[in-house]
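**Student:** Below is one structure. I have some questions about it.
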Amino acid sequence: MIDLDIRDAIARVTLDRAPVNAINDEWLRLFDERLDRIEAAEGLSVVHIRSAHKAFCGGMDLDHIRKLFVAGGSDDDFVQCVARFQHVFARIEGLPQVTVCEIGGAALGGGLELALACDIRVASERAKLGLPETGLGLIPGAGGTQRLTRLCGKGTASRIILGADVIDGATAAQLGIVQWAWPAEELASQVETLIGRLVRLSPRAVHEAKALIAAAGDDGRDGFAEEIAADRRLYNTEDTRRRVSDFLAGAR
């Protein structure tokens, strides 16, 4: 259901619950376990999340929705379910590695919210992305309203959330929801090229930079002061000094 392969400083998380990787309690439990293994692994630089199927992730499992709304579920049951979504997605967002989400097909509802928790999103130009919850009388409450608004601004978030607009990958790139969109036949190779570049970056610098990017959206933090502190920490690391020395040697 959630496969994990760790090698060469890359953790590859493959969603494998046919046909659309629908999310239920077991899916969330297994993803949580995979995150435990990722956090315990040493030397990781990149976490790559992808799908083994045509769809990336279609959101909450229909049987799970039926259980919550038809088969005697309560508002407490529903809120606890949403909280589990938020917990897993927050863990993804908090990873120190660069997280890359490869969206080859539909990413809807909770599937798009999962992608929004990643640092980098890459999509097929024909992939379908959207948050259609308002059509069901719900909201994208697994972080969708917050992360999409922070990422793209109120206007784009209103289009996607209030308008329940489902867009293709090319449009998502134009709106800034994904950073790159490529033809479907090129997606996998382009993602591998991207990951090959990312894995050569300094893991410590990436970790510091991720924290600083987060600080930019937090009024309670002084991002400029945190930059100074991060610069001091990096200056005194062996890895930074080696990388700078190699750079200077090559520039002669």
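**Student:** Pick out which of PHE85, PHE56, PHE69 has the largest mean-square fluctuation in a Gaussian network model of the chain, springs linking Cα atoms closer than 10 Å.
**Tutor:** The residue with the greatest mean-square fluctuation here is PHE69.
**Student:** Only Cα pairs under 8 Å and at least 6 apart count here; give the relative contact order of segment 1-99 as a rounded whole percent.
**Tutor:** Computed over segment 1-99, the figure is 33 percent.
**Student:** Tell me which label goes with the value of Cα extents along the principal axes in Å computed from the coordinates here: [x] 68, 43, 36; [y] 65, 32, 31; [z] 56, 37, 33.
**Tutor:** Checking each listed value against the structure points to [x].
**Student:** Using a Förster radius of 22 Å, what is the FRET efficiency between ARG159 and PHE78 based on their Cβ-Cβ separation? Nearest 0.05, please.
**Tutor:** For R0 = 22 Å, the calculated efficiency reads 0.25.
**Student:** Right, here's the next one. Ratio of Rg to Rh for segment 106-252, alpha carbon only, Kirkwood?
**Tutor:** Ratio value, two decimals: 1.07.
**Student:** Given Cβ point charges of +1 (Lys, Arg) and -1 (Asp, Glu) and nothing else, what value in debye, to the nearest 20, does the dipole of the chain about its Cα centre take?
**Tutor:** The calculated dipole for the chain is roughly 580 debye.
**Student:** Tell me the Kirkwood radius of segment 1-123: reciprocal of the mean inverse pair distance over distinct alpha-carbon atoms, in Å.
**Tutor:** 14.6 Å
**Student:** Give me the 1.4 Å probe accessible area per residue for the chain, excluding ligands and nucleic acids, in Å².
**Tutor:** With the other protein chains kept in place, the chain gives 52 Å² per residue.
**Student:** Nearest 0.05, what FRET efficiency do ARG242 and THR171 give at R0 = 35 Å with Cβ-Cβ as r?
**Tutor:** Result of the calculation: an efficiency of 0.25.
**Student:** Additional query: Modelled label-to-label distance, GLU227 and SER189, 7 Å Cα→beta-carbon offset: nm?
**Tutor:** Label-label distance for GLU227 and SER189, simple model: 3.9 nm.
**Student:** What number, in nm² with one decimal, is the all-direction average of the projected area of the convex hull of the alpha-carbon atoms of segment 183-252?
**Tutor:** 7.1 nm²
**Student:** Evaluate the relative contact order of segment 136-248 (contact order divided by residue number), counting alpha-carbon pairs under 8 angstrom at least 6 apart; express in whole percent.
**Tutor:** 14 percent
**Student:** Sticking with this structure for a sec: Rank THR99, THR149 by accessible area, highest first, at a 1.4 Å probe radius?
**Tutor:** THR149, THR99
**Student:** Using the alpha-carbon centroid of each, what span in Å lies between segment 218-252 and segment 72-103?
**Tutor:** 32 Å
**Student:** Please check: in the Gaussian network model of the chain (C-alpha springs, under 10 Å), which one of GLU39, GLU226, GLU113 has the largest mean-square fluctuation.
**Tutor:** GLU226
**Student:** Please compute the contact order of the chain in relative form: average sequence separation of alpha-carbon pairs under 8 Å and at least six residues apart, divided by the residue count, as a percent.
**Tutor:** After rounding, I find 16 percent.
**Student:** As a test question: what accessible area, to the nearest 10 Å², does ASP246 have when a 1.4 Å probe is rolled over all protein chains in place?
**Tutor:** About 90 Å², rounded to the nearest 10.
**Student:** Of the candidates GLU33, GLU238, GLU42, which one comes out as most mobile in a Gaussian network treatment of the chain with C-alpha springs shorter than 10 Å?
**Tutor:** Largest GNM mean-square fluctuation: GLU238.
**Student:** Give me the angle, in degrees from 0 to 90, between the Cα long axis of helix 144-157 and the longest principal axis of the Cα atoms of the chain, rounded to the nearest 10.
**Tutor:** The angle comes out near 90 degrees.
The values are calculated or read from the model by the stated rules, or taken from the named source; none is laboratory data. Keep in mind it's a predicted model, so treat the numbers as computed, not measured. Here the Cβ is made from the backbone with ideal geometry for all residues, glycine too, and neighbour counts use every protein chain on show. All accessible areas refer to the heavy atoms of the entire protein, side chains included, with ligands and DNA or RNA removed. Shrake-Rupley method; radii C 1.70, N 1.55, O 1.52, S 1.80 Å.
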